[in-house]
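See structure below.
The values are calculated or read from the model by the stated rules, or taken from the named source; none is laboratory data. Everything numeric in this text was worked out from a predicted model, so none of it was measured. Methodologically, a virtual Cβ is constructed for each residue, glycine included, from the backbone with ideal geometry; neighbour enumeration extends over all protein chains shown.
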Amino acid sequence: MKTRITTMLIALFVSFNIGFAQQDEECMNNLSIFDSYYKSKKYDDAYGPWKTVREKCPKFNRAIYAYGDNILEHKIENSTGAEQVAFIKDLMLLFDQSHEYFSSKYSLGEMLVKKAQLAYKYKNELNKTDQQVYDMFDEAYKKDPKNFDSTIGLYTYFSIAVDIYDAGAKTPDDAQKLFDKYDDVMELIENVEENYIQKLNKLVEKEEAGTALSSKEQKYKDNYEANLEAFEKVKSSMDSKLGGRANCDVLVPLYEKYFEEKKNDAEWLQRAMNKMGEKECTDDPLFEKLVEQKNSLEPDAKTAYYLGVLKEKQGKMAEAEKYYNQALELETDPLQKWKLVMRVAEKSYKRGSFAKARQQYMEALKLNPSSGVPHLRIAAMYAKSANSCGDTNFNKRAVFWLAADEAEKAGRVDGRLKSTATKTAASYRGSAPSKADIFTEGNAGQSLKIGCWIGRTITVPNI
């Protein structure tokens, strides 16, 4: 009896494996067929064999999901009515399955954002409200913010929040929720940006040290710069979308209303301070109240910076400088410190304190060498100082060579600024001495000391 049972179990096991092998062979054949059609962009022909593989062997190959996205998008775009809705819902299911079967390649956040973006695109066809679509994006934000890094998704998420606000009663509570969402999305963007900046800085430092990048590294560098540029556009678009909904006339009464309730909430105080600082509402007494309360509750680098802003507005520059320095000492994160250094440097630049500003911009470059803005600012300061930093007309105009060289550095370290840097450098060179001037002066190839605060040496070009 035991022998008969053993024989039956072996037969069943062998039968199962033969069936699985046959299924594998069928799926492999259909995979090969739909792969060929897909690569020829014959999506309608690819659909049948692709669907067979997806249904019979959902874990068989990641191409089911990598290619299925475009195959179903084609079906959606070339159908209408109930058939189109069915394809849309099937694509949403595909997104779910991609995460279910290949979670290492398709994160939860990525999948949820794709579903939300699809729902937004076909909102009318699916009879979804703005709130329902917003809730889909919000699910991604709450469940997997780390992988909510789609530029389109982030902007759509915030854009719908503004649309919901505009369609509502616009109460103070509504406004607070909107500003909170702005801050939430900006924090997501900044986290993604920091990751790209850290990777980009390593490549820029390698280049600046005189080592050429490999073709692979250059592709990475171009990709990081392109992504950072895309996120800059998202932030700019968000600010445009928010517009006048966050001006001082709105912010001051809003934060006054909530101050007593929120005065022990460090995050609320920080966000309120930031928003009033961004919108130039720092003259209002409420701003000082917010800063002092945050400082008493949880002093940090950002609070010290705003204390410096307040002292500067009061004309107390010595005290302002003390707080600015304190802010820089307290900040330990390199990229956050870079942002503070840039803010302080910009203030020095606007005051005309060029020597101090240059020192601060150079510090910013150490913290974030892939940002070319400091080079452009230093170049601009050189150009503005040409008339005061030379004793002869030739020497004054020679300062523009120095400005041009500095501007070119911006384009070298920061591909996003290459076009601007090239045009700026060309403009400066146009103001520098001509070949005829150099011939007349007879100093081609000689070193020329630039005086005053600049204190640099430039070599006169050979003609």
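Residues in region 95-116 that are charged (D, E, K, R), more than 25 Å from the chain's Cα centre (by Cα) and closer than 19 Å to ILE71 by Cα: 1 in all. Annotation note: Cβ proximity below 8 Å between a residue of region 414-435 that is farther than 23 Å from THR392 by Cβ and a residue that is among the basic types (Lys, Arg) and part of a helix (DSSP H, G or I) (sequence gap 6+ or interchain) occurs for GLY415/LYS221; ALA421/LYS409; ALA421/ARG412. The residue of region 424-452 that is farthest from LYS206 (Cα to Cα), among those that are surrounded by 15 or more Cβ atoms within 10 Å (Cβ to Cβ) and among the hydrophobic types (A, V, I, L, M, F, W, C), is ILE438.
Here is a yes/no grid of residues against (1) buried (at least 22 other Cβ atoms within 10 Å of the Cβ); (2) under 19 Å from GLY455 (Cα atoms):
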site: ALA357; (1), (2): yes, yes
site: MET362; (1), (2): no, yes
site: SER371; (1), (2): yes, no
site: TYR382; (1), (2): yes, yes
site: THR392; (1), (2): no, yes
site: GLU406; (1), (2): yes, yes
site: THR422; (1), (2): no, no
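For region 357-379, the condition of being aromatic (Phe, Trp, Tyr), part of a helix (DSSP H, G or I), at pLDDT 95 or above and farther than 27 Å from GLU187 by Cα holds for none of the residues.
Among the listed residues LEU213, LEU228, identify the single one that is surrounded by 14 or more Cβ atoms within 10 Å (Cβ to Cβ) and under 28 Å from PRO145 (Cβ atoms). Give the derivation first.
Numbers: LEU213 fails: under 28 Å from PRO145 (Cβ atoms).
Just a single option satisfies the conditions, and that option is LEU228.
When only residues in region 321-345 that are under 25 Å from the mean Cα position of the chain (by Cα) and free of Cβ contacts under 8 Å to residues at least 12 places away in the same chain count, which is surrounded by the most Cβ atoms within 10 Å (Cβ to Cβ)? This residue is LYS339.
With a requirement of 1 or more residues that are modelled with pLDDT of 95 or more and farther than 26 Å from ILE189 by Cα, the helices (runs of 4 or more DSSP H) lying completely within region 65-153 that satisfy it span 81-101. The residues listed here are GLU312, GLU280, GLU288; of these, the one that is charged (D, E, K, R), within 30 Å of MET238 (Cβ to Cβ), touching a helix residue (DSSP H, G or I) at 6+ places or on another chain (Cβ under 8 Å) and loosely packed, with under 15 Cβ neighbours inside 10 Å is GLU280. Being of a type in the set (Val, Ile, Thr) and touching a strand residue (DSSP E or B) at 6+ places or on another chain (Cβ under 8 Å) is the filter here; which residues of region 346-399 pass it? VAL399 - this is the single residue of region 346-399 that is of a type in the set (Val, Ile, Thr) and touching a strand residue (DSSP E or B) at 6+ places or on another chain (Cβ under 8 Å). Can we say ALA318 is out of contact with any strand residue (DSSP E or B) (no Cβ under 9 Å at 6 or more places or on another chain), buried (at least 22 other Cβ atoms within 10 Å of the Cβ) and not β-branched (Val, Ile, Thr)? No: the conditions fail for ALA318. Please indicate, with yes or no, whether at least one residue in region 164-180 is assigned by TED's automatic domain parsing to the domain that holds GLU232, in contact with a Ser or Thr (Cβ under 6 Å, 6 or more places away or on another chain), among the aromatic types (Phe, Trp, Tyr) and in contact (Cβ under 8 Å) with a residue 60 or more places away in the chain. No: zero hits. Number of residues in region 180-231 that are within 18 Å of ALA364 (Cα to Cα) and among the small types (Gly, Ala, Ser) equals 1.
Taking the criterion of being more than 17 Å from TYR155 (Cα to Cα) and surrounded by fewer than 21 Cβ atoms within 10 Å (Cβ to Cβ), the residues of region 102-121 that qualify are PHE102, SER103, SER104, LYS105, SER107, LEU108. A count restricted to region 200-210 and to residues that are surrounded by fewer than 16 Cβ atoms within 10 Å (Cβ to Cβ) and touching a helix residue (DSSP H, G or I) at 6+ places or on another chain (Cβ under 9 Å) stands at 2. LYS233 passes every criterion in (1) loosely packed, with under 14 Cβ neighbours inside 10 Å; (2) within 24 Å of LYS347 (Cβ to Cβ) apart from (2).
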